[in-house]
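The values are calculated or read from the model by the stated rules, or taken from the named source; none is laboratory data. Computed from a predicted model, the values in this text were never measured in an experiment. Neighbour counts are summed over all protein chains in view; Cβ atoms, including those assigned to glycine, are modelled from backbone coordinates with ideal geometry.
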Amino acid sequence: MKFQTFNHYTYLEDKHIYYLKQLENFVQKSSFLPHYHLYPKTGLMNDPNGLAYFNNQYHFFYQWFPFEPNHGMKHWGHAKSADLVHWEDKAIALIPNQEYEKNGCYSGNSIEKDGLLYLFYTANYKTPQGKIPKQAVCIMDKSGIIQKSEKNPIIDGAPEGMSGEIRDPFVFERDGSYYMLLGAKDEHDVGQLLLYTSQNLIDWGYQGIISLPIDKGYMLECPSLIQVEGKDVLIISPMGLEKEETRYQNQFSTVYLVGKLDLSDKVFYAEYSNEVDSGFDFYAPQAFYGKNNVPMMVAWFGCGEQELPSDKDMWKHGLTMPYELKLKQNHLTHFVVPELLEQFKQKQPFHNQKLSTESNSYHLAFEVSNHQDVMSIQFGSSRDYWKLQFNFKQNQICVDRSHLSLPVDVPNGEIRKTIGLNKNSYQVDVFIDNSFVEIFINEGRKSFAFRTFNMTTKHHDILFDWEAIGEIGYYQS
Ligand code: FRU
């Protein structure tokens, strides 16, 4: 297929539809496509946006540049599902075709009011002097029609002391008022979390900066606030955290705080905080309430600027599985929702050192105990594999993708480590979906989300360095 080139700020118009249909067919030939993760029909997908359970359906919107697998003009894509298993990707929800959003419709969340879903987003607006921050809203009715508000932009410009980098509105309700959190960079290049309030979701007043007891880097992106088991959990993505041996190894990081957000003091009183995930490809998650108000989260399966082997196939990145959020002794855990977990069927027990899988999308569950100081598992084939390692002696868990024949994003490092839980054994759940991998230790007390591109994409050999006991189930839906 002959690819066209596009200006960075091209937005989707009818004249592009035929080309995009061809591109969509081309993408379908890629050998790296997942079966149970959302990925872009064409081009690049990044953050999940506007996540909601609305009118008996899940609505997942996402940042999307349809034309090429890179960060160009951002649109909002839209996928919906009744059960978190079968998805209809309706593709386009927001096209940045208005003057106030001339450089893209950036991230935001949604809230339901009077039977309508209000979708908030940042209208990206650049000038030769720098960005002018603008926030906008559009409203989706129960028939799925989305209309941008005539009042847009509903917030225009930066409060005193802030730079032009202010984005990613997260709106929530408390005690009869609406509040909006915004990620920001201040005049001194420090990340800040801003608070606005409103009675009607359209007129907003600035309240000030929320004080956070964490390193905020040079910019905060994508705040989310959710209640889990009676506590406030703030999830936020700071840019520019200093790398530690077992934390903040990616270009950008995501951290959570558990405690209480006091809106009158404008302080988050944190009892605990830490990094959310330890994998290479996890960023900008959004939390929301699913069916029956279950606290949930979905993240962008990617991070920053990366070169991936799938770029040549004209699609890039995807979303993580939907996760359910829980607290275990004040630590936030995330684990795949039961609806999706049930799709791994024909469970086969194993008691072996070696396994040859029947397909490339499966759930492997096993226990690892400290019979040796270091216990490893290889996935792939003898010359093309990635490795999961438990170092009981040093209390570390590590993923190593330096032995793959198709290298992935080498400049950002090929090993990720996290501190273990100081235990003699762990329950491990590995979910593989072709090039998408999610690992959970003790039901999400620790996790790694990352991509691998094995040459043999149809099935894998798994090699334990001990006689492992566990179960494998294959994805079927
Ligand atoms: C996070 C982010 C957001 C922004 C969006 C643009 O990955 O940079 O801050 O709204 O992506 O696509």
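Here is a yes/no grid of residues against (1) outside any strand (DSSP E or B); (2) over 16 Å from Asp277 (Cβ atoms):
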site: Pro411; (1), (2): yes, yes
site: Leu421; (1), (2): yes, no
site: Gln427; (1), (2): no, yes
site: Ile432; (1), (2): no, yes
site: Glu438; (1), (2): no, no
site: Ala449; (1), (2): no, no
site: Asn454; (1), (2): yes, yes
site: Ala468; (1), (2): no, yes
site: Glu471; (1), (2): no, yes
Q: Could you please let me know if Pro213 is under 21 Å from the mean Cα position of the chain (by Cα), modelled with pLDDT of 95 or more and either in the same structural domain as Phe61 (by TED's automatic domain parsing) or in a strand (DSSP E or B) (or both)?
A: no
Q | Enumeration of residues in segment 398-408 that are free of Cβ contacts under 8 Å to residues at least 60 places away in the same chain and under 15 Å from Glu438 (Cα atoms) | A | Cys398, Asp400
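Which of the residues that make up segment 45-86 are among the aliphatic types (A, V, I, L, M), within 15 Å of the ligand (Cβ to nearest atom) and within 27 Å of Lys312 (Cα to Cα)?
Met45, Met73
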Q | All positions within segment 180-198 that are part of a strand (DSSP E or B) and not hydrophobic (A, V, I, L, M, F, W, C) | A | Gly183, Lys185, Asp186, Gly191, Gln192, Tyr196, Thr197, Ser198
Q: Tell me which of these Ile92 doesn't satisfy, since it passes every other one: (1) surrounded by fewer than 18 Cβ atoms within 10 Å (Cβ to Cβ); (2) modelled with pLDDT of 95 or more.
A: (2)
Q) Restricting attention to segment 185-196, and to residues there that are within 16 Å of the ligand (Cβ to nearest atom) and in contact (Cβ under 8 Å) with a residue 40 or more places away in the chain, which single residue is surrounded by the most Cβ atoms within 10 Å (Cβ to Cβ)? A) Gly191
Q) Quick check: anything in segment 230-239 in contact (Cβ under 8 Å) with a residue 60 or more places away in the chain and away from the ligand (no atom under 16 Å from the Cβ)? A) yes
Q: Considering each of Phe379, Phe390 in turn, give the residue that is without any contact (Cβ under 8 Å) to a residue 60 or more places away in the chain and either under 19 Å from Gln353 (Cβ atoms) or small (Gly, Ala, Ser) (or both).
A: Phe390
Q: Looking for whichever is free of Cβ contacts under 8 Å to residues at least 24 places away in the same chain and away from the ligand (no atom under 16 Å from the Cβ) here; the options are Lys113, Lys21. Which one fits?
A: Lys21
(Q) Restricting to segment 132-179, give me the number of residues that are among the hydrophobic types (A, V, I, L, M, F, W, C), within 16 Å of the ligand (Cβ to nearest atom) and not in a loop (DSSP other than H, G, I, E, B). (A) 8
Q: Could you check how many residues of segment 119-131 are in a strand (DSSP E or B), under 22 Å from the mean Cα position of the chain (by Cα) and under 19 Å from Met219 (Cα atoms)?
A: 3
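Output the residues belonging to segment 249-260 that are under 28 Å from Asn46 (Cα atoms) and away from the ligand (no atom under 16 Å from the Cβ).
Result: Gln249, Tyr256, Leu257, Val258.
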Q: Quick one: count up the residues across segment 432-464 that are crowded, with 20+ Cβ neighbours inside 10 Å and of a type in the set (S, T, N, Q).
A: 5
